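**Student:** One structure follows; several queries about it will come next.
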Amino acid sequence: MKTYDTLRNALADLKTRGYDADFTTTSDCLYCSDVDIRLNPEEFKVEEVHHFKVEGNPDEGTVLYAITSSTGVKGVLVDGYGVNARHVDFQATHHVHTYHSVFE
């Protein structure tokens with residue numbers, strides 16, 4: 001798995017690797033308005049997770065998920081953690097394949 005210095009670099013590289021869709025969370029699924037698709041937890045895999053911490057403030061940062069759906073749609077979900085978290089809860093622990101954490 002690649003490592004990235006910044007969220008911007010990670011997003012750019014993932015896009016070149018086919019992760020084109022932008023996912024958001026709802027109370028029970030992931031949603032992508034680009035292709036109007038809703039994914040329940042059993043319908044996708046989190047291929048990569050990257051944490052980007054704000055230097056000097058370890059309680060805040062960003063989490064980037066690279067997601068592949070069972071229908072072949074690939075995309076990303078960007079979430080915060082700390083005070084910026086939306087509390088993504090899609091049973092990710094059952095779906096995460098790789099993980100990397102960096103300081104931004």
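The values are calculated or read from the model by the stated rules, or taken from the named source; none is laboratory data. Model, not experiment: these values are computed from the prediction. Neighbour counts run over all protein chains shown; Cβ positions are idealised from the backbone, glycine included. Ligands, DNA and RNA are excluded from the accessible area calculation, which covers all protein heavy atoms including side chains. Shrake-Rupley method; radii C 1.70, N 1.55, O 1.52, S 1.80 Å.
**Student:** So which pairs qualify, if the first residue must be in region 1-23 and under 16 Å from Val63 (Cβ atoms) and at pLDDT 90 or above, the second must be open to solvent by less than 80 Å² (accessible area, probe 1.4 Å) and assigned to a loop (DSSP other than H, G, I, E, B), the Cβ gap must be under 7 Å, and the two must be at least 6 apart or on different chains?
**Tutor:** Every condition considered, the pairs that remain are Ala10/Tyr4.
**Student:** Has region 6-27 got any residue that is of a type in the set (Lys, Arg), surrounded by fewer than 17 Cβ atoms within 10 Å (Cβ to Cβ) and under 19 Å from Tyr81 (Cβ atoms)?
**Tutor:** Yes, that holds for at least one residue.
**Student:** Can you work out which of the residues in region 60-104 that are in a strand (DSSP E or B), open to solvent by 50 Å² or more (accessible area, probe 1.4 Å) and at pLDDT 65 or above is nearest to Tyr19 (Cα to Cα)?
**Tutor:** Residue satisfying both the conditions and the ranking: Lys74.
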